[in-house]
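Since every read-out is calculated from the coordinates, none of them should be taken as a lab result. What you are looking at is a predicted structure, and each value in this text was computed from that prediction instead of being measured. FYI the Cβ positions are ideal-geometry reconstructions off the backbone, even for glycines, and counts take in every protein chain you see.
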Amino acid sequence: MPSLLAPADRRLLERLWAQPVHRTELENGLVLLVQPDDAAPVVSVQVWVKTGSQHEGALLGAGLSHYLEHLLFKGTTRRAGREISATVQAHGGSINAYTTYDRTVYYIDLPAPHLEVAVDLLADMTLHSTLPADEVTRERDVILREIAMGDDDHDRRHWDALARTVFKNHPLREPVIGHRDVFSAVTRDELMAYYRERYAPNNLVVVIAGDISAEAARASVEKHFGAAPRRRLAPVYQPSEYAQLAPRTRRDTAEVEQSRGAIAWPSVALTHPDAPLLDLLAVVIGYGDSSPLWQSLREKQRVVHSIDAHHWSPGEAGLFALFFSCDPDKRDAAERAVRRELDRIATKGFTRAELARAVRQLVVGEIGGRKTTSRRAAR
């Protein structure tokens, strides 16, 4: 079958993929990835810690990884917390972080001549944080407010309910931020033990993209990260998901103007050959207001306010899901209509034009995801 990728799109992707990425592993096990790019005189320095909420072991559901993300901005053996952001701002940059199920990422974007400042700060934060006791208490209150806000966010509650329905054994069933009761019981000693265990140089990936040379980036990372000793990383047990033998259904009630629904299926690992096909399937059936699901269920049947499809495969497990919103009195009708439309699509299949359009949308998304230096580093 001829390729669905238009020649112009192929050339765009080939140009992206042709940009070299230099990989180096330091003696202590830290991995460095560098992508020189002189399109603008800026640089993004990111430290990816290979630990997230699914790696919290006996304290799964406590939100340790997210808690640490907050605390690493609060002081090191060399700096008070306020100095960290002040130093970045003084050099015309910005600093931020985020936590997911499988990683915690700290990043600084700033003018390229100040690369050394960013590498120094991130090394200090990830390797030498002190987790001050008063900040542990203060950030606990901050995160408890975040949890309360999530309780009032119906989309967040809907996602959490879906995750706990799809995953009965895998850590992906637990929220990244943690459960209020488990989180509230976390002690500073437990945080420090988790920090010392997981923030080892051989569990870090430093990613640098921007107007720098691979040699300069390596020299800076060697200088600031190279002296940290490799440490033993205890394996974290990741239970596999049980085989699903029958459909699962969950219905929650709340005071809302619109009902939210989802129909989901367990998916494959990120490296499975079917993963990109499922990405394509999600786009072709449920991306945008021209998709078959939107046109049929919203524009023609008018049983939903919105509907889209997503394939989510963060690692060794994931899900393929359809999400929709509708009036509460149309919830059952909407679910039946979704299933009928899926049956129709499965019988009818797709035209070559529909598949080519979906491929084009994926290409545009990939290009759009690299618009900034920070986004290119994250790729």
Notebook entry, point to check: Just how many % of Cα pairs in segment 259-368 lie over 25 Å apart, if you round to the nearest whole percent?
Noted result: 22
Next item on the list: Could you calculate the FRET efficiency of R78 with N169 from 1/(1 + (r/R0)^6), where r is the beta carbon distance between them and R0 is 35 Å, rounded to 0.05?
Entry: 0.25
Notebook entry, point to check: With labels modelled as points extended 7 Å from the Cα through the Cβ direction, what inter-label distance (nm, one decimal) is found for H272 paired with E366?
Noted result: 2.1
Notebook entry, point to check: Which length gain, in nm to one decimal place, applies between R11 and D38 when the Cα-Cα distance is subtracted from 0.36 nm times their residue separation?
Noted result: 7.7 nm
Item checked: On Cα atoms only, tilt of 154-166 relative to the major axis of the chain in degrees -> 80
Notebook entry, point to check: Using the Kirkwood formula over every pair of different C-alpha atoms, what hydrodynamic radius in Å results for the chain?
Noted result: 23.1
Next item on the list: Within the set of other residues whose C-beta is less than 9 Å from the C-beta of V136, count the net charge using Lys and Arg as +1 and Asp and Glu as -1.
Entry: +1
Check: Given segment 20-237 reduced to its alpha-carbon atoms as identical point scatterers, what log10 I(q)/I(0) does the Debye formula return at q = 0.07 Å⁻¹?
Finding: -0.23
Note to self: Taking 0.36 nm per residue of sequence separation and subtracting the Cα-Cα distance, how much length would be gained by fully extending the chain between R188 and R375, in nm to one decimal?
What the structure shows: 64.0 nm
Checklist line | Percent RCO, i.e. relative contact order, over the chain, from Cα pairs under 8 Å lying at least 6 residues apart | finding: 22
Margin query: Restricting to DSSP H runs of at least four residues, report the calculated mean residue ellipticity at 222 nm for the chain, -39500 (n - 2.57) per run over all residues, nearest 500 deg cm²/dmol.
Written below: -13000 deg cm²/dmol
Note to self: Give me the percent relative contact order of segment 70-213, please, defined on Cα pairs under 8 angstrom at least 6 residues apart.
What the structure shows: 23
Check: If you project the alpha carbons of segment 155-222 onto their three principal axes, what span does each projection cover, largest first, in Å?
Finding: 48, 31, 21
Next item on the list: Select from Y67, Y101, Y237 the residue whose mean-square fluctuation is largest in a Gaussian network model of the chain (Cα-Cα springs shorter than 10 Å).
Entry: Y237
Check: When the chain is modelled as a GNM with alpha-carbon springs shorter than 10 Å, which of T249, T165, T87 fluctuates the most?
Finding: T249
Notebook entry, point to check: Which residue, P235, P20, P175, has the most motion in a Gaussian network model of the chain that connects Cα atoms within less than 10 Å?
Noted result: P235
